[in-house]
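The values are calculated or read from the model by the stated rules, or taken from the named source; none is laboratory data. Model, not experiment: these values are computed from the prediction. Reconstructed Cβ throughout: ideal geometry from the backbone, glycine too, with neighbour counts over all protein chains shown. For the accessible areas, the whole protein counts, side chains as well, though only heavy atoms, and no ligand, DNA or RNA atoms are used. Shrake-Rupley method; radii C 1.70, N 1.55, O 1.52, S 1.80 Å.
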Amino acid sequence: MNLTTHYLGLELPHPFILGASPLASNLDRVRKAEDAGAAAITLHSLFEEQGLRQEAGLDAHVHAYEESFAEAGSYFPKEAEFHLGPDEYLAHVSAAKKAVNVPIIASLNGTHLGGWSYFAKEIEKAGADALELNLYYQPRVSDETADNVETRLEEIVKSVCESVKMPVSVKLSPFFTSLAHFARRLEEAGAKGLVLFNRFYQPDIDIEDLELKPKLKLSNSSELLLRLRWLAVLSGRYQLDLACTGGVHKRDDAIKAVMCGADVVQVVSELLTDGVERLSDLRCEMSRWMEDKEYESLAQMKGSMSYRHAPNPEVIERGNYMRILQSWEPADSID
Ligand SMILES: Cc1cc2nc3c(=O)[nH]c(=O)nc-3n(C[C@H](O)[C@H](O)[C@H](O)COP(=O)(O)O)c2cc1C
């Protein structure tokens, strides 16, 4: 089965790639991911707060929080808690690139214009094939308009894209007032792809000690539905390549993502739980299913469930919404 796909200018033998995570945070893991058949490897992120600390004069971000209230610094991980500092990160990109033959996608994570372009250039020099920019941001203040947020994020993307030749993708949250419009702004700013979507890791609350309890829960397949909807909306609309991240655990999850228009699917939680070897199972299972269904290639299946084939997407969405609500069968206990 021809599972070839294209993502960020890279020709990949199949759509299964490693998402940003500790699964590639050292060279043994990077090699293991290649052995498990990852079509590309996304490295974990270098965080703005780490990078900015390094660059002279740009140490302000964390300290600004620290000055505003005493315990603020304690919310940030200490230097030693990050997998790698900025210099080690660049060395890791370079070593990973030499260690394996699959493309290496580096990741920068942050929300303020600052040292991004500098680090993007260094990452490119270190040999990364592409860069994923994770714009993890949750607006809270009332005087920041939706347009302010989008303009700031767009400026970051533009400044990075202008400073490097390697392709840049943007990992987004689903929470934009008009995501399709913002996607267009990102494309105009130079992005070559979108990664849909960031998961938000809202901390729980310890009611005894009045403390936040940051605890990471891995995803499950139900999270995929939000991604499917937006893949279907955005697919074919722009030149942007699309990666699905969040909720890909089973063969059918990946098939649905591709049908909705994903060029690649990133997998993390499933591999953290059942081992990175699951990647090749997923690929084989997808391939077998496609053979049974007499597909000739991934390209033939890609985007087949995208909205671009729908004559009137708005009516379909509205109709589905009403049908879903009406389809609920109340249990006897509510009467
Ligand atoms: C332990 C862990 C670490 C992660 N680290 C990063 C990271 O450094 N940068 C990033 O953009 N996403 C990171 N992610 C998010 C994943 O890349 C991915 O988007 C998310 O887990 C959803 O995919 P999944 O459902 O396959 O897990 C991390 C996720 C996990 C579980």
Inset, instruction - State, to one decimal in nm, how far the label point of Cys284 lies from the label point of Ala146, with both points 7 Å from Cα in the Cβ direction. - result: 4.7
Inset, instruction - Please arrange Asp281, Asp253, Asp87 by accessible surface area, largest first, computed with a 1.4 Å probe and ligands excluded. - result: Asp87, Asp281, Asp253
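According to the square roots a ≥ b ≥ c of the eigenvalues of the Cα gyration tensor, what is the shape class of segment 164-204, taking rounded for a/c under 1.5, prolate for a/b larger than b/c otherwise, and oblate for the remainder? Let's see the in-between values first.
Working: a/c = 3.57, a/b = 1.58, b/c = 2.27.
Oblate.
Want the number for Asp204 to Lys98: 0.36 nm per residue separation, take away the alpha-carbon distance, what's left? Please list the in-between numbers first.
Numbers: separation 106, 0.36 × 106 = 38.16 nm, distance 4.10 nm.
The Asp204-Lys98 span can extend by a further 34.1 nm.
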Legend entry - Solvent-accessible area per residue for segment 140-215 (1.4 angstrom probe, square angstrom): 57
Legend entry - Antiparallel bridge percentage (DSSP; both residues within segment 159-250; nearest 5): 25
Inset, instruction - Please sort 237-245, 254-262 by packing, taking for each peptide the average over its residues of neighbouring beta carbons within 10 angstrom, highest first. - result: 254-262, 237-245
Inset, instruction - Using R₀ = 35 Å, calculate the FRET efficiency as 1/(1 + (r/R₀)^6) where r is the Cβ-Cβ separation of Thr177 and Asp274; round to 0.05. - result: 0.40
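Mind scanning Lys97/Lys250; Lys165/Lys192; Lys98/Lys158; Lys121/Lys192 and naming the pairs with a C-alpha gap bigger than 19 Å? Let's see the in-between values first.
Numbers: Lys97/Lys250 29 Å; Lys165/Lys192 11 Å; Lys98/Lys158 29 Å; Lys121/Lys192 17 Å.
Violating the 19 Å limit, Cα to Cα: Lys97/Lys250; Lys98/Lys158.
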Legend entry - Under 5 Å, built H, 5+ apart or other chain: amide partners of His44: Ser21, Ala24
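Once every DSSP H run of n ≥ 4 in the chain is given -39500 (n - 2.57) and the sum is divided by its residues, what mean residue ellipticity at 222 nm do you get, rounded to the nearest 500 deg cm²/dmol? Working shown, then result.
Details: 13 runs with 137 residues, N = 335.
Mean residue ellipticity, 222 nm, calculated: -12000 deg cm²/dmol.
If packing is taken as the mean number of other Cβ atoms within 10 Å per residue, what is the order of 8-19, 219-230, highest first? Working shown, then result.
Values: 8-19: 21.8, 219-230: 17.2.
Highest mean packing first, the order is 8-19, 219-230.
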Legend entry - Separation in nanometres of the label points that stand 7 Å from Cα toward Cβ, at Arg229 and Lys213: 3.0
Inset, instruction - Quick one: which residues, 5 or more positions from Asp241 or on another chain, have an amide H under 5 Å from its amide H? H modelled 1.01 Å from N in the peptide plane, none for Pro or chain starts. - result: Leu8, Gly193, Leu194
Legend entry - Candidate aspartates and glutamates for bridging to Lys215, where Cα separation is under 14 Å - those fewer than 8 sequence places away on the same chain excluded: Asp204, Asp206
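Give, in whole angstrom and from largest to smallest, the semi-axes √(5λ) of the equivalent ellipsoid of the chain, with λ running over the eigenvalues of the Cα gyration tensor.
On the way: eigenvalues 201, 139, 88 Å².
Working from the Cα gyration tensor, I get semi-axes of 32, 26, 21 Å.
Can you sort Lys158, Lys171 by solvent-accessible area, 1.4 Å probe, largest first? Please report the intermediate quantities before stating the final value.
Numbers: Lys158 90, Lys171 25 Å².
Result, largest first: Lys158, Lys171.
Mind checking which helices in the chain clear 18 Å along their axis (Cα) and have mean Kyte-Doolittle hydropathy of -1.0 or more, DSSP H runs only? Display every interim value, and only then the final one.
Values: long enough: 86-99 (19 Å, -0.46); 146-163 (26 Å, -0.36); 278-292 (21 Å, -1.07); 313-326 (20 Å, -0.53).
Membrane-span-like by this criterion, though nothing is claimed about a membrane: 86-99, 146-163, 313-326.
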